[in-house]
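Single-structure report; data block below.
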Amino acid sequence: MKDDREAAASSLADSGDRPAYILAIETSCDETSAAVVRDGIHILSNVVSSQVEIHQKFGGVVPEVASRHHVETITLIVEEAMEKAGIEMKDLSAIAVTQGPGLVGALLVGMVAAKTLAFSHGLPLIAVHHIAGHIYANQLVHELEYPLVSLVVSGGHTELVYVESEGRFHIIGQTRDDAVGEAYDKVARALRLPYPGGPHVDRLAHEPVEALTLPRAWLEPDSYDFSFSGLKSAVLAALNSASMKGQPLEPAAVAKGFQDSVIDVLVNKALRAVEAYGAKQLLLAGGVAANKGLRAELGARCAQAGVPLLAPPLSLCTDNAAMIAAAAFLKLRRGQFAPLDVKAEPLLKLEGWSVS
Ligand code: KG4
Ligand code: ZN
């Protein structure tokens, strides 16, 4: 398949005809991942070591435990990624790493590993914003057309991003409290479902029961922001009052009511943004992109609006290093490298890359 990305890749400025191999590292939360991607689109390896089982007994990610696990596994994961890719360090064009946002201790592990590799092998370092990675995960499987709007939904993020052109990001809406995945996990916990709860709530929401009626947080009429903590509190209040009356609610009815409310708000705001910004595509990204109800409703509404909905396969929706390599490739083409004293930034803002 020859498309624009192939053409762009083969005209890579820095290396003439030589392919660009990027080794990327992602450790912003509870996944230790390393990947090798050729020319920004061909995944040679994408190794992900998930800590879900470790954090399960705590019902959520414990930052210190996450950092320790990253330290223990990062070397092995990088070695495995290089081995699977079948290339050597001398073949690489750059080392890429997630700079933020994320858990500071977790980010630091990836950052130190990436700097060490870059320094010892004389390779340029590319610092990538985690959300830019989620957005450009789509570039690994689709050709992108600008302007576009991306809905980034995960355990840590709920953002509507208007991407005017390559690397020119504008956050037009974001959560004012809980991230959508976080709300899913908290509601799942109240329903005594295992962590992470999103997939379990999604499954229950598809059972043939009548949904519990729950509020929608639309906020101000023109706002693209989100709020999920009121909805989560409404779920907890409904569960408490029902159990005090001795008439516990059916978990599936609660899951369905919660999911209906979340999807209603996400889909309507995303489609309003698509129209207002004249987006040519809507990109879905982040772990909650796995949600069947969300995909179905967004797909139907995008079809009505005549705008393609793009979503990467699930393995590229959740945290992984291939998405960091995909975004890093665009920065490589622009010559946007990071100094070796670049810092991990737990609250890093998504800023547009200056046009070079
Ligand atoms: O992107 P991700 O792997 O990690 C973060 O960066 O947060 O997202 C994980 C989140 C968790 O909160 C999980 O419950 C949620 O994605 N999730 C889902 C589904 N699958 C995963 N939420 C709703 N429905 C799903 N099917
Ligand atoms: Zn993420």
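A few points about this structure:
- In region 33-54, the residues that are over 18 Å from ILE87 (Cβ atoms) and either small (Gly, Ala, Ser) or within 13 Å of ligand 1 (Cβ to nearest atom) (or both): VAL48, SER49, SER50, GLN51, VAL52
- Within region 128-166, the residues that satisfy the criterion of being among the small types (Gly, Ala, Ser) and under 16 Å from the mean Cα position of the chain (by Cα) are ALA132, GLY133, ALA137, SER150, SER154, GLY155, GLY156.
- One residue alone among GLY110, GLY155 is part of a loop (DSSP other than H, G, I, E, B) and closer than 21 Å to ILE77 by Cβ, and that residue is GLY155.
- Residue in region 328-344 that is within 16 Å of ligand 1 (Cβ to nearest atom), modelled with pLDDT of 95 or more and either part of a helix (DSSP H, G or I) or open to solvent by 40 Å² or more (accessible area, probe 1.4 Å) (or both) present: no
- Single match in ASP185, ASP178, ASP225 (criterion: within 14 Å of ligand 1 (Cβ to nearest atom), assigned by TED's automatic domain parsing to the domain that holds ALA296, within 29 Å of VAL307 (Cα to Cα) and buried (at least 16 other Cβ atoms within 10 Å of the Cβ)): ASP178
Residues are listed down the side, and each one gets a yes or a no for (1) open to solvent by less than 30 Å² (accessible area, probe 1.4 Å); (2) assigned by TED's automatic domain parsing to the domain that holds VAL47; (3) within 19 Å of the chain's Cα centre (by Cα); (4) without any contact (Cβ under 8 Å) to a residue 60 or more places away in the chain:
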| site | (1), (2), (3), (4) |
| --- | --- |
| LEU249 | no, no, no, yes |
| GLY257 | yes, no, no, yes |
| VAL274 | yes, no, no, no |
| GLY278 | no, no, no, no |
| LEU284 | yes, no, yes, no |
| ALA290 | no, no, yes, no |
| ALA300 | no, no, no, yes |
| ALA305 | no, no, no, yes |
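- Residue in region 189-201 that is within 16 Å of ligand 2 (Cβ to nearest atom), outside any strand (DSSP E or B), within 23 Å of ALA96 (Cβ to Cβ) and at pLDDT below 95 present: no
The values are calculated or read from the model by the stated rules, or taken from the named source; none is laboratory data. In this text, all values refer to a predicted model and were calculated from it rather than measured experimentally. In this analysis, Cβ positions are derived from the backbone assuming ideal geometry, glycine residues included, and neighbour counts consider all displayed protein chains. Heads up: the accessible areas ignore ligands, DNA and RNA and are worked out on the full protein's heavy atoms, side chains in. Shrake-Rupley method; radii C 1.70, N 1.55, O 1.52, S 1.80 Å.
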